[in-house]
Amino acid sequence: MTGDGVNDGVALKKADIGIAMGKNGTDVCKEAADMILVDDDFYTIIAAIEEGKSIFYNIRNFVTFQLSTSIAALSLIALSTILDIPNPLNAMQ
C-alpha cells in the first residue's frame, strides 16, 4: 500500500508493506510506513523488487552450493571412517 496523507496512516500500518511518499507525504504517514520513497517515484518500488529477487536468487544458489559441497565432504569422511582408511581431508582443505 502506498500513501501520502494523514488518512492513509491506518491503512499503511495494517498493510503487509506500507510505503509512504517522502517529499509530499505527511509525518503521520511516514511514521506509519515501513518504507519511504524519498524521490516519490513509483519506479523505485519496481527497482527494489527486482533487486530483492536478485538477492534472493543469489542466496538460494549459495545455499545450494554449500549444501552440495558439505554433503560431498561428509560422505567422503563417512566412507573413509567406515572403510577404516586415513582421513582424506585435513584441516587446511
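Return a yes/no flag: does the stretch 63-71 have any residue that is surrounded by fewer than 10 Cβ atoms within 10 Å (Cβ to Cβ) and in a helix (DSSP H, G or I). Can you show your working first?
Step one: filter the stretch 63-71 for residues surrounded by fewer than 10 Cβ atoms within 10 Å (Cβ to Cβ), giving none.
No, the stretch 63-71 contains no residue that is surrounded by fewer than 10 Cβ atoms within 10 Å (Cβ to Cβ) and in a helix (DSSP H, G or I).
For Gly25, are the conditions met, namely being assigned to a helix (DSSP H, G or I) and modelled with pLDDT under 90?
On the way: assigned to a helix (DSSP H, G or I): no; modelled with pLDDT under 90: yes.
When the stated conditions are applied, Gly25 does not pass them.
With the structure loaded, tell me whether Gly9 is assigned to a helix (DSSP H, G or I), touching a strand residue (DSSP E or B) at 6+ places or on another chain (Cβ under 8 Å) and small (Gly, Ala, Ser) or whether it fails that test.
Yes, satisfied.
The values are calculated or read from the model by the stated rules, or taken from the named source; none is laboratory data. Remember, predicted model here, so these are calculated numbers, not experimental data. Don't worry about glycine lacking a Cβ; one is built from the backbone with ideal geometry, like all the others, and counts go over all protein chains shown.
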